[in-house]
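Written below as structure tokens is the structure these notes are about.
The values are calculated or read from the model by the stated rules, or taken from the named source; none is laboratory data. Remember, it's a predicted structure, so these values are computed and weren't measured experimentally. All Cβ positions, glycine included, derive from the backbone under ideal geometry; neighbour counts span all protein chains shown. Note: areas computed on protein heavy atoms with side chains; ligands, DNA, RNA excluded. Shrake-Rupley method; radii C 1.70, N 1.55, O 1.52, S 1.80 Å.
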Amino acid sequence: MPFKSQFFVFEGIDGSGKTTVSKKVSEILSTKSISNLWHREPTDSIHGQKIREFLQGKIKLTPDEQLKLFLLDREFSVNETILPTLKSDTCLVQDRYYFSTAAYQGRDEEHAADILYMNEDKGFPEPNRVYFLDLSPEEALERRNTRGGNKEAFDDEKEQTRIYQNYLAILPESTIFVDATADLEEVVNFCVEDILLSLSLKT
Ligand code: TMP
């Protein structure tokens, strides 16, 4: 059945499960013959690689330098992957987008809103749907502790609370809030069903 390619974005604080969920959603869409690409930001561009070094604590970056790098990486992401994918009748299932920059690099809610406008002004394409995997900063911290692994730049609970509050302030009204405490299968199926509706493949 023909459908126009659409852009689906998954957002959430660290530990909310958005990478696992978005990958599974992409797999299920493929089994339904819905051509799609799973993609994430930060990308593997030179800017993205520098960002990963920062996240792992290998280099230091001021907040302004972080913002600049995330924007450069996004320009790369939009030009190299997002636009070409959408033009080729393939849907995009993306792990993080400019809402992350607003929430993470925003000092407070007002600054987060400024960063969102900055991204929109650059003409980066708007997603068709944004799924926010909603989990409290306390629960997300517990999950990250259970999961183990190295600490990253924004791991601290106070930081995650700032980021969570920024998200709530800047996410578009149409954002679909998904209860991230539910079973993985339930969360994934909920998102897939909504994507099918968005693609008019379901009534
Ligand atoms: P990950 O959890 O998807 O691997 O994301 C990497 C980290 O980068 C995560 O802590 C969120 C952060 N980040 C920003 O600070 N700003 C951004 O614009 C993006 C895309 C990610």
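Tabulated data for the structure shown
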item: Residue match in the stretch 156-175 (condition: within 28 Å of GLU75 (Cα to Cα), loosely packed, with under 15 Cβ neighbours inside 10 Å and touching a residue at least 12 places away in the same chain (Cβ under 8 Å)); result: yes
item: Residues located in the stretch 111-130, provided they are in contact with a strand residue (DSSP E or B) (Cβ under 9 Å, 6 or more places away or on another chain) and within 14 Å of the ligand (Cβ to nearest atom); result: PRO127, VAL130
item: Any hit, the stretch 101-111, residues being over 25 Å from LEU168 (Cα atoms), in contact with a helix residue (DSSP H, G or I) (Cβ under 9 Å, 6 or more places away or on another chain) and touching a residue at least 24 places away in the same chain (Cβ under 8 Å); result: no
item: Residue within the stretch 64-86 that is among the small types (Gly, Ala, Ser) and in contact with a Leu (Cβ under 9 Å, 6 or more places away or on another chain) present; result: no
item: Residue in the stretch 129-141 that is open to solvent by less than 40 Å² (accessible area, probe 1.4 Å) and either free of Cβ contacts under 8 Å to residues at least 24 places away in the same chain or touching a Cys at 6+ places or on another chain (Cβ under 7 Å) (or both) present; result: yes
item: Qualifying positions in the stretch 49-82 - within 11 Å of the ligand (Cβ to nearest atom) and of a type in the set (Val, Ile, Thr); result: ILE51
item: Subset tally (residues that are assigned to a helix (DSSP H, G or I) and either of a type in the set (Ser, Thr, Tyr) or open to solvent by 90 Å² or more (accessible area, probe 1.4 Å) (or both)) for the stretch 176-203; result: 4
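Okay, residues lined up against (1) away from the ligand (no atom under 13 Å from the Cβ); (2) open to solvent by less than 10 Å² (accessible area, probe 1.4 Å); (3) more than 23 Å from GLN165 (Cα to Cα):
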| position | (1), (2), (3) |
| --- | --- |
| GLN6 | yes, no, yes |
| LYS18 | no, no, no |
| TRP38 | no, no, yes |
| HIS47 | no, no, yes |
| GLN94 | no, yes, no |
| ALA103 | no, yes, no |
| GLU109 | yes, no, no |
